[in-house]
1. Among the residues of the range 305-320, is there at least one that is among the aliphatic types (A, V, I, L, M) and either within 15 Å of Thr201 (Cα to Cα) or modelled with pLDDT of 75 or more (or both)?
2. Is it the case, given these coordinates, that Tyr152 is assigned to a helix (DSSP H, G or I) and either touching a residue at least 12 places away in the same chain (Cβ under 8 Å) or surrounded by 16 or more Cβ atoms within 10 Å (Cβ to Cβ) (or both)?
3. Residues of the range 343-354 being in a helix (DSSP H, G or I) and either modelled with pLDDT of 85 or more or not hydrophobic (A, V, I, L, M, F, W, C) (or both), which ones?
4. Could you count how many residues in the range 154-199 are under 25 Å from the mean Cα position of the chain (by Cα) and among the hydroxyl-bearing types (Ser, Thr, Tyr)?
5. Mind counting the residues in the range 91-104 that are surrounded by 13 or more Cβ atoms within 10 Å (Cβ to Cβ) and not in a loop (DSSP other than H, G, I, E, B)?
6. If you check Ser136, Ser162, which single one turns out to be under 30 Å from Ser210 (Cβ atoms), in contact (Cβ under 8 Å) with a residue 60 or more places away in the chain and not hydrophobic (A, V, I, L, M, F, W, C)?
7. Determine if the range 225-245 includes at least one residue that is surrounded by fewer than 20 Cβ atoms within 10 Å (Cβ to Cβ), under 24 Å from Lys186 (Cβ atoms) and not polar (S, T, N, Q).
8. So which residues in the range 246-257 are surrounded by fewer than 19 Cβ atoms within 10 Å (Cβ to Cβ) and either outside any helix (DSSP H, G or I) or among the acidic types (Asp, Glu) (or both), if there are any at all?
Amino acid sequence: MTIGDILIQTNQASLDTMLPLTAVQTSADIERYYKEGYSVGLTANEFAKKYPRLPISRIYAAHNMLAPLYYCELDSTTVPIVLSLNIYGDKRLAMNGELDEKFQQRVLDTAEKISSGSIPFIRSYLFSLEDSLRVSVLSKYIELSNPGEDLYVLFFDLHRTSDFGFSSLSENGLQKVFAGKSQKQKQDTEKKLSSLPDVVTIYRGEGSKSTPYEKSFSWTTSYKAACFFACRIPSLENSRIITAHVSKCDIIEYFPNDEEKEVLVPPAAVKDRKVDTLYGINALTDEIQAFYPLYQRYRSRISTLYDAYGRANDEEHDAEPLRVFDKSKYDASSKNINGFIRHLPAGQKASERAILIAESYGYELKSDETYVTPFVRRQWLKKKTEE
C-alpha cells in the first residue's frame, strides 16, 4: 500500500456508505466491518449503555479507517446532519474533560441548531466535515435547497477548500447551483471570462483514482496546474493529462487569479479531447523482469567496482552512523490527544475551517491562535527490564 492509497482510502467516506451501528451486534461484527474499512470499537448495545441519550438508530460509522463514530440525522429536510462524536474505537476524545452527560446534550443541541436552517450555522457545520463527507452532504443540501445567491456562494467556498469527493455531485445539482447566480455574480463571471478567446484550450490532470474526465466539471487553463494534479498523490499506477477545447460561452465559472486557473465546464461541452499518459512504476514491470537476470549475473562485479571506486568517495562524508531502532525493546501504544487551542508563530493565522470548528465547540479564537482537532498519536515505549 502506498501513501497515495492511504490518502484515497481515508477520503472516501460518503452518505451512501455510512454504516448504522445497529448492524454491529457482536465482536465478530466489529472484526468483519473492520476488514471492510469501518473503524468500529463498540457494539450497538455497548454504545447504548454508555451514551443512553443518543438514539442508537442515529449512530453511524463512516467508510474511513481513521474516522470517528457519527451522530446522524440523514432524513433531515434541511440538510443531512453528520456530527463527529470524537469516538475512536471504544474511546471518546473528550473536549477539556467534558463529561458524558454534557457531551450528549451538546450533540443534541448542535443537531437542533443545524436543523433550524440557519445559513451561517449550516456553513460552519459543513466546513467542520472532512473533505469527501463534506461534499457528499453538500450534494444532498443542494438537492434540498432552492437556487439562490447564498447557495452559489456556499458551493464555491466549499468547492475551493475541498480536494476529494466531487464525484458525488450530480450535473443536475450543479446546474441548480449555477441557476441561482445573481445578476452581479453573472457580471463578475463575464468580466473574468473577457480575457479568454472564443475557443479556450483547457487541461485536466488525473491520477489513477481521480474522477474520470468524462464526468468531471473541473478543468484548468494552465498545463502546469494539470501536471500538478496528475502527480500530486503518490501512486505506482499511470496518471494522465487531458487536453481539450471548450467554447467560452459554455464555461460556467473561471478563477484566473488562483494558481490553479480553474474553469468549470459541463462535461458535454468539452471537445477534441486528447489523452497523454504519464507512466507509473508499475508500467516498468516487464522491463524490470527482463533486466533482473542481467543484474544478477553482474551483481558481484558491481560490488567489486563499488569497493574499488565508490566506497572511498562515501568515506569523505562525515555523517553520523545510522542509529538502528530495535523494536523488540519497545511496546507500541496509542495515546488519545484531546482537541486544544494552540498559539501560532508571529504572522500566521488560523484557517477558516479551524475557526469554524472552534466556534462549533463554543471557543472564540484570538488572532494568534488556532484549534487542533483531537487525534490519536502512535508512540513507542521502552519495555521495563526485569531485575
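1. From the range 305-320, those among the aliphatic types (A, V, I, L, M) are 305, 308, 312, 319; that's our starting set.
Filter once more, keeping what is either within 15 Å of Thr201 (Cα to Cα) or modelled with pLDDT of 75 or more (or both): none.
Among the residues of the range 305-320, not one is among the aliphatic types (A, V, I, L, M) and either within 15 Å of Thr201 (Cα to Cα) or modelled with pLDDT of 75 or more (or both), which makes the answer no.
2. Values: assigned to a helix (DSSP H, G or I): yes; either touching a residue at least 12 places away in the same chain (Cβ under 8 Å) or surrounded by 16 or more Cβ atoms within 10 Å (Cβ to Cβ) (or both): yes.
In short, yes.
3. Of the range 343-354, the ones in a helix (DSSP H, G or I) are 352-354.
If the condition is that a residue be in a helix (DSSP H, G or I) and either modelled with pLDDT of 85 or more or not hydrophobic (A, V, I, L, M, F, W, C) (or both), then Glu352, Arg353 are the ones that fit.
4. Number of matching residues: 5.
5. So in the range 91-104, the residues surrounded by 13 or more Cβ atoms within 10 Å (Cβ to Cβ) come out as 91-95, 98, 100, 103-104.
Checking which are not in a loop (DSSP other than H, G, I, E, B) leaves us with 91-92, 100, 103-104.
Qualifying residue count, the range 91-104: 5.
6. On the way: Ser162 fails: in contact (Cβ under 8 Å) with a residue 60 or more places away in the chain.
The unique qualifying residue is Ser136.
7. Checked the range 225-245: at least one residue is surrounded by fewer than 20 Cβ atoms within 10 Å (Cβ to Cβ), under 24 Å from Lys186 (Cβ atoms) and not polar (S, T, N, Q).
8. Start the filter on the range 246-257 by keeping residues that are surrounded by fewer than 19 Cβ atoms within 10 Å (Cβ to Cβ), which leaves 247-250, 252, 255-257.
Matches in the range 246-257: Ser247, Asp250, Ile252, Phe255, Pro256, Asn257.
The values are calculated or read from the model by the stated rules, or taken from the named source; none is laboratory data. Everything numeric in this text was worked out from a predicted model, so none of it was measured. Note: ideal-geometry Cβ built from the backbone for every residue, glycine included; neighbour counts use all protein chains shown.
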